[in-house]
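Undergrad: Take a look at this one; I'll ask things after.
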Amino acid sequence: MAQAPSLIGSILERKPGIQSSSSLPRSTGKNGFPAVQHRSKSAFSRGRDDLKKSNLSGRPQHVPKVISASIPPTDVVEQATPQAESNSSDDWRYQIEDENRRKVEDMTEEEREEDRREILDRFGPGVGDILRKAREAREAAQKGSGPSSERKVLRSTFENLPSQRVWIQL
């Protein structure tokens with residue numbers, strides 16, 4: 001006669017001293033009752049609040065330095081440190097200018113014309129005047145007028161853009 005399939009498989013006994021953390025009750029308050037959870041806040045919101053309270057959000061304290069992929073790593077000498085932030089604010093302008101110059105040199109004439117059309121479509125026909133005024137404001141600020149006057153000129157210049165408001169933090 002065929003034997004009926006067994007409903008009970010192997011039985012494993014656990015040691016009495018070991019308990020999983022999920023089976024342990026949550027810590028209770030001073031009076032023995034669990035802490036009050038306001039149902040008006042979602043579980044995700046409570047989780048964010050807990051992270052803020054514990055300061056374990058993992059956010060970096062300083063902004064990491066962005067290095068272009070087109071520049072070989074051997075050219076990069078300095079690492080992202082707070083001392084690097086104190087360097088001249090013009091260094092990044094020169095780096096971007098060199099990178100842009102290399103990109104334009106590598107472009108064909110068709111690519112250049114396509115980019116010109118895209119810029120004119122996006123910012124309007126007066127974009128050349130706006131960029132010239134921005135450069136003049138930057139040069140005036142470097143000569144001694146100060147960065148606050150440069151921001152004022154740039155703000156008034158970029159407010160005249162036709163479809164978009166552009167803010168540049170210098």
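Read-outs: derived from the displayed coordinates by stated rules, not from any lab. Predicted, not measured: the structure shown is a model, and the values here were computed from it. Positions of Cβ are backbone-derived with ideal geometry, glycine not excepted, and every protein chain shown enters the neighbour counts.
Undergrad: Sorted by average packing, counted as other Cβ atoms within 10 angstrom per residue and highest first, what order do 34-43, 100-109 take?
TA: Order by mean packing, descending: 100-109, 34-43.
Undergrad: What's the FRET efficiency of residue 62 with residue 7 using the Cβ-Cβ distance as r and R₀ = 45 Å, to the nearest 0.05? Each step should come with its number before you reach the end.
TA: Numbers: r = 62 Å, r/R0 = 1.38.
The formula returns an efficiency of 0.10 here.
Undergrad: Give the long-range amide H neighbours of residue 65: residues separated by 5 or more places, or on another chain, with amide H under 5 Å away, using H modelled in the peptide plane at 1.01 Å from N.
TA: Result for residue 65 returns 80.
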